[in-house]
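These notes concern the structure reproduced below.
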Amino acid sequence: MAKKAKRGVTGGVTPKIARFSPPETIAKTMENCQELILEDVIRIDIYKQNKVTFSVPFNAPAVIEAEGVASGNPVLSIHTSETDAADVMMESAPKLQVTEKREAAGLVRSHVIEAVVATHFKTAQASVDNLIYRDIVAIMTCYDGTRLAVIPFPNTSTLSMTDNRQESHTMTVRYAAQSFSGLVKLTSWSQDSSSSTSSD
């Protein structure tokens, strides 16, 4: 059974990363850096970027909403509860850090999403190893069904793991990417699981 998300905002400051802000988000704003706890997020899916198509190009500035479609299944799925033997379970709500920097092309946002996982470390590590040097996309699902995404620039997205098991029986999965936009709300999302999921 999925862990019920907490209700209400605790000590929040509206983040500057986009006009759309995920509901029930805790935010701490420091100059050009925002740190958020995404309490509503109950699932993170990692796809190869060439398997996901958005209705807006990656170089569109300040995107708020978009439509998306995936061909095939995610390479890695992280949940707030175990629903089958293959799931990787989050220990707590994921965290997001966004740093803004003004470049010649416009305002560039560097995103870092961290999820502390408590199960199936080998499954998560194998997925991370499989995605080295690959462009990847993170799709986050909230408890109310809302989906959020980072639409990354090519050659800027990475996935890594940190071993915390000396201090606690957990590991941290870390997704990083750069984009012109903050978190983008997906007004439409579809997934064709019958499509090929080969290593292309």
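Things to note:
- Three-way shape label, region 76-174, alpha-carbon gyration tensor, a/c 1.5: prolate
- Annotation: extensible slack from Ala118 through Asn59 equals 17.7 nm (criterion: 0.36 nm per residue apart, minus Cα-Cα distance).
- Projecting the alpha carbon convex hull of region 88-128 along each direction and taking the average yields 3.8 nm².
- Computed across region 37-76, the Kirkwood hydrodynamic radius from all distinct Cα-Cα pairs reaches 12.0 Å.
- The peptide list 89-99, 153-163, 35-45, put in order of mean Cβ contacts within 10 Å with the highest first, becomes 35-45, 89-99, 153-163.
- For peptides 60-73, 111-124, sequence by mean Cβ density within 10 Å, most packed first: 111-124, 60-73
- Stretch gain in nm, segment Asp163-Glu35, where the contour uses 0.36 nm per residue and the Cα spacing is subtracted: 43.9 nm
- Protein heavy-atom accessible surface, 1.4 Å probe, per residue over region 54-107: 51 Å².
- R0 of 22 Å, Cβ-Cβ distance Glu67-Ser193: FRET efficiency to nearest 0.05: 0.75
The values are calculated or read from the model by the stated rules, or taken from the named source; none is laboratory data. Since the structure is predicted, the reported quantities are computational estimates derived from the model, not experimental observations. Note: ideal-geometry Cβ built from the backbone for every residue, glycine included; neighbour counts use all protein chains shown. Please note that ligands, DNA and RNA were not included when accessible areas were found on the heavy atoms of the full protein model with its side chains. Shrake-Rupley method; radii C 1.70, N 1.55, O 1.52, S 1.80 Å.
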